[in-house]
Amino acid sequence: MKNKIKKIAVALLAFTVGCACLTGCNVRQDTIRFGAAGVGGGYYAFATAYTQLANAEDAEMKFNIKSTAGSMANLRLLSEGYVDVAIAQADLATAAYYGTDEKGESYQGYRVLAGLYTEACQIVVRKDSGIKSLDDLQGKTVSIGETESGTERNALQILQVSGLASPITETVNLTYIEAAEKLKSGEIDAMFYTGGVQTNVIAELADSCEIALIPVDAKTVDKLKLAYSSYETCEIPANTYNGQTEQVATVGVKALLLASEKMSDETAEELTRQLFAHATEIEYATSLKEIADVNAAVDGVQIPFHPGAKAYYASQGISVDAQEN
């Protein structure tokens, strides 16, 4: 009799633990570790605005913003479970997810919540530098962003297809703030920055010294788009920055808001809902565009969406299954 009771107790315990595991997979997560990039960059500005607005609406949803090196670092941190949500460039996220990255990087363990906005590849020089085109970067010292950043990858690709790969140009890895300071002081000749069309670091630099933006010429654009499917043509409108009176042609890539595949569906759906509930406020706070368009958020995304995000889009009458390749 005692043995029978013991077996029943063990069975009940196993059942209870199993139920807890099953339900726990869909319990809302109230503390979110958010992988942004460096302070002063567009990712960090977005993360700050988004998390503050979400927390103001729901005080129980708390966020811990992590300063990181950028897109590739965020993908690694997501895949290894060190952050729960992160932003990364679509080109890097897609290549890492499918294992087609040219550097051999391969990460999974993440899903898409939303496509955010187009990030422009911006090349900044001092106006008095005499640098007018990509060809003029030959023999110059150029900041290509932090190691593991999307800026670094884009800069190296642009320089490569332009015939300006090292040692023709000297490249250095600097944070955006460091690069702006060294460009102003003349310690470097140019800086790359992949981010929202208007960025605080470049805006502040333009207010303290005269700058110019170097265009990515049509030949280079065509080569980039042929070699890398995630690039698209974009422009930096005139007067985006102080003293910049003409539109500048360049290329861009989409930024993706990603979540761990282990995140509960409820949490992922709520995070996606919060994004669009506060999209206009986020755009106003960060000068980033395109966030408020829920239809654009699913266009061109080539890796799977989180089931929770799918549930949100379904509530808006949007199917994302057809969008995924």
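Before moving on, here are some points about what is shown:
- Within segment 118-132, if we keep just the residues that are open to solvent by 40 Å² or more (accessible area, probe 1.4 Å) and out of contact with any helix residue (DSSP H, G or I) (no Cβ under 8 Å at 6 or more places or on another chain), the residue that is farthest from A96 (Cα to Cα) turns out to be D128.
- Number of residues in segment 41-53 that are buried (at least 22 other Cβ atoms within 10 Å of the Cβ) and touching a residue at least 40 places away in the same chain (Cβ under 8 Å) equals 7.
- Test: residue in segment 226-236 that is hydrophobic (A, V, I, L, M, F, W, C), under 20 Å from Q89 (Cα atoms), open to solvent by less than 20 Å² (accessible area, probe 1.4 Å) and touching a helix residue (DSSP H, G or I) at 6+ places or on another chain (Cβ under 9 Å): no
- Within segment 241-267, residues that are hydroxyl-bearing (S, T, Y) and modelled with pLDDT of 95 or more have Cβ atoms under 6 Å from residues that are surrounded by fewer than 20 Cβ atoms within 10 Å (Cβ to Cβ) and in a helix (DSSP H, G or I) in these pairs: Y241/A203, counting only partners at least 6 apart in sequence or on another chain.
- So L156, is it of a type in the set (A, V, I, L, M, F, W, C) and free of Cβ contacts under 8 Å to residues at least 24 places away in the same chain: yes
- Counting only helices (runs of 4 or more DSSP H) that fall entirely inside segment 138-216 and contain at least 2 residues that are closer than 20 Å to T240 by Cα, open to solvent by less than 50 Å² (accessible area, probe 1.4 Å) and at pLDDT 95 or above, the qualifying elements are 176-185, 200-208.
- Restricting segment 274-294 to residues that are in a loop (DSSP other than H, G, I, E, B) and of a type in the set (V, I, T), the residue that is farthest from A203 (Cα to Cα): V294
- Residue selected from segment 295-325 under the condition in a helix (DSSP H, G or I) and among the aromatic types (F, W, Y), by the criterion surrounded by the most Cβ atoms within 10 Å (Cβ to Cβ): Y312
- Among the residues of segment 77-117, just one is free of Cβ contacts under 8 Å to residues at least 40 places away in the same chain, open to solvent by 30 Å² or more (accessible area, probe 1.4 Å) and assigned to a helix (DSSP H, G or I), namely S79.
- Residues in segment 231-273 that are of a type in the set (S, T, N, Q) and either touching a His at 6+ places or on another chain (Cβ under 7 Å) or outside any helix (DSSP H, G or I) (or both): T233, N239, T240, N242, Q244, T245, Q247, T250, S260, S264.
The values are calculated or read from the model by the stated rules, or taken from the named source; none is laboratory data. Bear in mind the structure is a predicted one, so any value in this text is a computation, not a measurement. We place every Cβ from the backbone using ideal geometry, glycine too, and count neighbours over all the protein chains shown. The protein model used for the area step is the full one, side chains on, heavy atoms only, and it has no ligands, DNA or RNA in it. Shrake-Rupley method; radii C 1.70, N 1.55, O 1.52, S 1.80 Å.
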